[in-house]
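Just below is one structure, and these are the notes that go with it.
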Amino acid sequence: MESNVQDREYMCSGHVGCPGCGAAIAMRFLLKALGEKTVMVIPACCWSIIAGPYPQSTLRVPVLHTAFETGGAVASGVRAALDLQGDRETTVVTWAGDGGTFDIGFQALSGAVERNEDFIYVCYDNEAYMNTGVQRSSSTPYGAWTTTTPGQEWKKLRKKNIVEALVAHRIPYAATASIAFPEDLMRKVHKAKGIRGSRFLHIYASCPTGWRLPSELAVKIARMAVQTNIFPLYEVENGVRYTINYMPKGYLVREYFKLQGRFKHLTDADLEEIQRMVDEDWELLLRKAGLSPGAAGPIATPSRASVPFRG
Amino acid sequence: MKKVVEGSHAVSEAVRLCRVQVISAYPITPQTHIVERLSEFCSNGSLKAKFLRVESEHSAMAALIGAASAGVRTFTATSSQGLALMHELLHWASGARLPIVMAEVNRALAPGWNIWTDQTDSLAQRDTGWIQIYCEDAQEALDSTIQAYKLAETVFLPVMVILDAFFLSHTYEPVDIPDQSDVDRFLPPFRPSFRLDTRAPAAFNQLSPPNVYMEMRRDLQDAMESALHALLSIDDEYRSFFGRSYGAVEAVHCDDADIIFVTSGTISSTCRLVVEKLRRDGEKIGLLKMRLFRPFPYSLVKQWTLKARKLAVIDRNFSFGASGIFAQEIRAALCNEPKRPLVFGYVAGLGGRDVTPELLEEIYWKTKTSAHPESESLWMGLQHPAPAA
Ligand SMILES: Cc1ncc(C[n+]2csc(CCOP(=O)(O)OP(=O)(O)O)c2C)c(N)n1
Ligand code: SF4
């Protein structure tokens, strides 16, 4: 297959992310798709460190580091200032973790997209507060261990559906993407770049450190998340038009859970319960996309024959 | 041109004259009139600014941090709970050396809910690295706002221009509004050497380890110290343009005074009347009005107070477990002087309680007849006195 990935790198080697860090991979592809006319706003997260200490920078675009909860608001201000100076060409991007997006930064994000501020907000989702040492966030999935959900206190609440929360604001564009599907990811970044108004990208970015996962499995696990419907790839335009970008092969979620230390306490019954939740969410998504779960063909919920993973 | 305007609108006029480019604000009484008038200016085209109608004070300041980092002149206004909510970002603004200007209308903090004047909100931000200027009347509020931009853009620190709730924000006074062309000559366009620029990519506000952080803080302190001199020379230049100046402090009859009142904000006006009356009665009384609180004008405070026997500091604010904040700072300024006046720290007018000429006279006589202050803070005008210990 011909590659549409450009050679130019906007991220330098030598950054201090952990080996296999999905967030580092995600940034690299994001910037390849955006190009140099980009201003990055980074609230507190792992990327506050990965981007390099004073006086260095890992990125070849201007970066404004900012307070944890301000991603939506700071980007609004940067955009306003660029507009006033007649610069309509530069894309303003907020790059935040799940904590900075789902939790503490949600107010500023909701405020900004309600105003339809003209910027791309990217949440790289590693499903916990990693920078502070793996504490639960509202993105942490049902079943996960974290340092604040240890032992039998593992998280017994579902992950907040952030894309739906953004879609409810009727923003022009919201999409999910994964580091395991870089071409799809870059296509979505490109598409977002060409749209005016608030755009939201939810990127699944594995965290070997926090997930208790061998670093060489970082991309594989991200692919499995998509293939099991744990993290479906889809786009929503103007809050209503759903497009599903990847149809599952029918893999069982238990394979995905097995590889990660953060789920090792789960029993068969727990895994069945999680499978039920994933199926339920997938069916809901199919209905939103105008596809019926019961129908025949590749669109339908896959049969659960134990198809081996080839990822 | 002289016009009768509300104190709040004097600030709005100044912001318009300064050609501010990005305004971002969230409503809170008694600050709202300032930004409402600015919204009007933006909508009728008399100010070409982008007005961001954000969802909180926290985001208001965050948005200005973004805008100022991208190189434009910015403004917001707030009060009380709004300022408290902004606290974290006040540090970001000064640490990032952004010349943001904010009008802060002094209002008491809840509970109980109280919308009236009290300086505890702004003084609680004294360690955030913001320059603080306290205003006595609407003219001074307008002039201070214009000066604030020049000062902020000279030393690269944010400036808070502070007004008393209602006594100043909602009072109509004749105010001389300068001509746009004169303000344009006084205040050139904002063109910072560093800003977010895709042609010269750089990272701002990033991780700063122990080997650099302390020097950055020291640089900030150097900028703060230079702000006193900068303010005085900007104030002089302002006089040559507009015929008005205020200094960092104002000393009235301090040369030969035995007792000096130390005030800030609108209480200074009431105090002027009391001082003139007592002078007519032969009392050797003076008034030191504190306009600049950060940087603290140590040298000027010493210059004007060291010859007096007693100071009566009026604090419309309180630091719990300690005393009024101006009193603390004045004591600290004088403590190494071998011969220094006694400092009487009076707490008065909290939550908008009226500080009348009678109360100020009572304070004067109490100071004159007491050999020594009976405690660190002397609460005046209370309806029930403190229970015996
Ligand atoms: C107001 C505030 N509270 C707490 C913190 C500490 N803090 C810094 S980063 C972080 C977690 C970030 O988590 P997330 O957004 O998920 O990004 P990640 O670290 O996982 O990349 C926290 C809690 C902070 N910087 N500011
Ligand atoms: S902790 Fe996780 S997200 Fe953070 S740098 Fe390491 S791998 Fe990346």
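Do any trypsin sites (Lys or Arg not before Pro) in the range B:339-389 lie in a DSSP loop with no more than 16 other beta carbon atoms within 10 Å, and if so, which?
Listed in order of number, the matching sites are B:Lys339.
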Trypsin sites (Lys or Arg not before Pro) restricted to the range A:1-89 and DSSP loop, no more than 14 other C-beta within 10 Å: A:Arg8, A:Lys37, A:Arg88
Cross-link pairs beyond the 28 Å C-alpha cut-off, checked among B:Lys307/B:Lys366; A:Lys159/A:Lys264; B:Lys277/B:Lys366; A:Lys160/A:Lys191; A:Lys191/A:Lys258: A:Lys191/A:Lys258
Nearest-0.05 FRET efficiency for A:Glu280 and A:Ser110, computed from C-beta distance (R0 35 Å): 0.85
Magnitude of the charge dipole, the range B:237-368, Cβ model with Lys/Arg +1 and Asp/Glu -1, debye to 20: 240
Extension gain from A:Glu89 to A:Thr147, taking 0.36 nm per residue of separation minus the Cα-Cα distance: 16.6 nm
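Taking 0.36 nm per intervening residue step and subtracting the Cα-Cα distance, what contour gain separates B:Arg185 from B:His170 on full extension?
Here the answer is 2.4 nm.
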Potential extension, B:Ala200-B:His372 segment - 0.36 nm per residue separation minus Cα distance: 55.7 nm
Check: the protein assembly as shown dipole with +1 on Lys, Arg Cβ and -1 on Asp, Glu Cβ, in debye: 1600
Local electrostatic count, A:Gly97, Cβ distance below 10 Å [Lys/Arg +1, Asp/Glu -1]: -4
Residue among B:Met86, B:Gln139, B:Gly112 farthest towards the positive dipole end of the range B:75-166, charges placed on Cβ: B:Met86
Rounded Å value of the spacing that divides the Cα centres of the range A:44-68 and the range B:105-183: 34
Overall dimensions of the range B:263-389 by Cα: Rg and Dmax, Å: 14.1, 40
For chain A, built as a Gaussian network whose Cα springs stay under 10 Å, the top-fluctuating residue of A:Gly133, A:Gly14, A:Gly71: A:Gly14
Ellipticity estimate at 222 nm from DSSP helix runs (n ≥ 4, -39,500 (n - 2.57)) divided over chain B, nearest 500: -13000 deg cm²/dmol
Residues losing 50 Å² or more accessible surface upon assembly, the range A:48-64, compared with the chain by itself, 1.4 Å: A:Tyr54, A:Pro62, A:Leu64
For chain A: relative contact order, % (alpha-carbon pairs under 8 angstrom, 6 or more apart): 16
Whole-Å distance, taken between Cα centres, linking the range A:184-230 and the range B:267-323: 63
Most positive-pole-ward Cα, B:Leu17, A:Gln85, A:Met11, against dipole of the protein assembly as shown from beta carbon charges: A:Met11
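Going by a ≥ b ≥ c, the root eigenvalues of the Cα gyration tensor, does the range B:41-109 fall in the rounded group (a/c under 1.5), the prolate group (a/b larger than b/c) or the oblate group?
oblate
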Euclidean distance between Cα centres, the range B:30-51 to the range B:331-389, Å: 41
Where the range B:250-379 is the region considered: accessible area per residue in Å², 1.4 Å probe: 41
The protein assembly as shown - convex hull of the alpha-carbon atoms, volume per residue in Å³: 182
Once exposed loop chymotrypsin sites (Phe, Trp or Tyr not before Pro) are cut out (DSSP; at most 10 other Cβ, 10 Å), longest piece of chain B: B:114-319
Charge sum, other residues only, whose C-beta stays under 9 Å from B:Gln119's C-beta, Lys/Arg counted +1 and Asp/Glu -1: -3
Spacing of the two label points (7 Å from each Cα toward its C-beta) at B:Glu362 and B:Arg279, in nm: 2.6
For chain A, built as a Gaussian network whose Cα springs stay under 10 Å, the top-fluctuating residue of A:Gln260, A:Gln107, A:Gln152: A:Gln152
Vicinal HN-Hα couplings computed from phi for the range B:175-189 (Karplus, 6.51 cos²θ - 1.76 cosθ + 1.60; Hz; Gly/Pro x): 10, 7, 9, x, 6, 4, 5, 5, 5, 4, 6, 5, 10, x, x
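Write out the GluC sites (Glu not before Pro) in the range B:316-389 meeting two conditions: DSSP loop, and at most 13 other Cβ atoms within 10 Å of their Cβ.
Loop-located and lightly packed - B:Glu374.
Which percent of the accessible heavy-atom area of the protein assembly as shown goes to carbon and sulfur, probe 1.4 angstrom? Please list the in-between numbers first.
Numbers: 14760 of 27380 Å².
Exposed carbon and sulfur together represent 54 percent of the surface.
Give the A-B buried accessible area in Å², both sides summed, 1.4 Å probe, nearest 100.
Separately minus together, A and B give about 2800 Å² buried.
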Positive-end residue of B:Ser245, B:Ala62, A:Ala289, charge dipole of the protein assembly as shown with Cβ unit charges: A:Ala289
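Nearest 20 debye, what's the magnitude of the dipole of the range B:2-242 about its Cα centre given +1 on Lys and Arg Cβ and -1 on Asp and Glu Cβ? If you can, show how the numbers build up before the last one.
Numbers: 20 positive and 30 negative charges, 188 e Å.
Here the size comes out at about 900 debye.
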Reachable aspartates and glutamates from A:Lys193, criterion Cα separation under 17 angstrom, eight or more residues apart if same chain: A:Glu36, A:Asp83, A:Asp87, A:Glu89, A:Glu117, A:Asp118, A:Glu183, A:Asp184, A:Glu235, A:Glu237
Binned Cα-Cα distances of the range B:57-202, short to long, each 5 Å bin given as a whole percent: 2, 10, 18, 21, 19, 15, 9, 4, 2, 1, 0
Accessible surface, per residue, of chain A when the full set of protein chains is kept, probe 1.4 Å, Å²: 38
GNM flexibility winner over chain B from B:Leu220, B:Leu168, B:Leu288 (Cα, springs under 10 Å): B:Leu220
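The values are calculated or read from the model by the stated rules, or taken from the named source; none is laboratory data. None of these values were measured; they are calculated from a predicted model. FYI the Cβ positions are ideal-geometry reconstructions off the backbone, even for glycines, and counts take in every protein chain you see. The accessibility values were calculated without ligands, DNA or RNA, using every heavy atom of the protein model including side chains. Shrake-Rupley method; radii C 1.70, N 1.55, O 1.52, S 1.80 Å.
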